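For reference, the structure discussed in these notes is given below.
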Amino acid sequence: MSQRILILGGGGQVGTELTRHAWPDGVTVSAPARDALDITDEAAVERIVAAEPWAAVVNTAAYTAVDKAETEVGAAWRLNALAPAYLAAATARAGIPLVHVSTDYVFDGTGQGACAPDAPVNPTSVYGASKAAGEMAVRTANPRHAILRTAWVVSPHRGNFVKTMLRLAGERDRLTVVDDQHGCPTSAGDLAAALAAVALRLATDPSAPTGTYHCVNAGATTWCGFARAIMDGAAARGARAVPVTPIPTSAFPTPAKRPANSELSTATLTRDFGLSPRPWRSALDDILDQLIGPAHAPEEATR
C-alpha cells in the first residue's frame, strides 16, 4: 500500500535531506515550497492536512535566526509556536501522527553531562522560548506525536557552521572560536534518516511510542574543537586550513544567550526506536567529502 508523507520546511537543511532520503518502496513525499504554503496561516494548514490521507506529517520548518529573534519576537513565535499549534490541532483532527523538530535551546545549558529529554526546560532566549512553546502545543494537541530535539545541525546545504568555517579559512589566516560551549554536532542527513524512521513507525504502528526524544550525533565537543576538526578535515582533502584560537563566550557577545552545555542524551531514542546515531566525526567526514572531495590517502597527503 502506498503512503504519502507531508514534509514542512523542505527548503532547509533537514528538509532538503528528507526529500533526498531513500524512502522505502511505496512511500512518497510532498514538500510544498514556502511560497506555496504559509504554515503560520491556520486555514492554509487545515487545507493541506485535509488534502490527502497523509501517513504522517514531519515538521522541520522553524525560525532559526537565533539572534534576530531577540528583536523579531513576533516572527519567531508565529513560526516556532503558532505554526506547530495549528499543525498539531489539524493532524489530530485528521488522525495523522506528527513528527516535530525542536532544539537544545529549550534548556538553559547550566547542567552537567548529557541532558535527558525529560529534564526541565528553561529557555534563556526568544528562540528557545518560542521552540519550547511549540513543543508544548504539539504535546497537548496531538497525542500521536514525536518531538525530536537536536543541536548544532550541519550539512552541505544552506548556511551552517561547517560551511562558514571553510569560507572564513579562505579569507583569514587565523580563526577565533568559542571554546566554552559544549554540544553534539549533528548531520542533517542523519537527523533526516531518524525522522523518516520515526515517522514511518508512527504511520504503520498504532502502538508506536510517542513523546519527546533527542537526536544528535554521538560524542561532544566545543565550537572550537569542532572548528579544528573541520580544519583538519579540510587539510586532509587538500583545501586551505588555518589555525583556530580558542576564546571564551565573553569575548564573543551575541544578542541571544547560548546554552553553555548543549549535550543531549539519545538513550531513549535508542530504547524506543532502535536508533543509535553514529559519531559526529564520521558524519563530518561525509559532509566534507561532499563539499570538498574525498580525503587523500596518507602517503599522498605527505608528498
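Bear in mind that the values in this text are calculations on the coordinates, not laboratory data. All figures in this text were calculated on a predicted structure; none of them were measured in a lab. Cβ: placed from backbone, ideal geometry, glycine included. Neighbour counts: every protein chain shown.
Values for this structure:
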| item | result |
| --- | --- |
| Odd one out for Ala62, checked against (1) under 16 Å from Asn80 (Cα atoms); (2) part of a helix (DSSP H, G or I); (3) among the small types (Gly, Ala, Ser) | (2) |
| Selection count where residues are closer than 16 Å to Thr176 by Cβ and of a type in the set (D, E, K, R), scope segment 204-250 | 1 |
| Qualifying residues in segment 221-236 (those that are among the aliphatic types (A, V, I, L, M) and crowded, with 22+ Cβ neighbours inside 10 Å) - the one farthest from the chain's Cα centre (by Cα) | Ala234 |
| Residues satisfying the stated conditions in segment 78-125, i.e. among the aromatic types (Phe, Trp, Tyr) and either under 14 Å from Ile147 (Cβ atoms) or touching a Pro at 6+ places or on another chain (Cβ under 9 Å) (or both) | Tyr105, Phe107 |
| Within segment 209-303, helices (runs of 4 or more DSSP H) holding 1 or more residues that are hydroxyl-bearing (Ser, Thr, Tyr) | 267-273, 280-291 |
| Residue in segment 113-126 that is assigned to a helix (DSSP H, G or I) and either crowded, with 19+ Cβ neighbours inside 10 Å or β-branched (Val, Ile, Thr) (or both) present | yes |
| Condition check for Glu135: acidic (Asp, Glu) and either in a helix (DSSP H, G or I) or in contact (Cβ under 8 Å) with a residue 40 or more places away in the chain (or both) | yes |
| Residue check for Ser250: farther than 26 Å from Ala88 by Cβ, without any contact (Cβ under 8 Å) to a residue 24 or more places away in the chain and surrounded by fewer than 16 Cβ atoms within 10 Å (Cβ to Cβ) | yes |
| Which numbered condition Ser102 fails, given (1) assigned to a strand (DSSP E or B); (2) under 20 Å from the mean Cα position of the chain (by Cα); (3) surrounded by fewer than 24 Cβ atoms within 10 Å (Cβ to Cβ) | (3) |
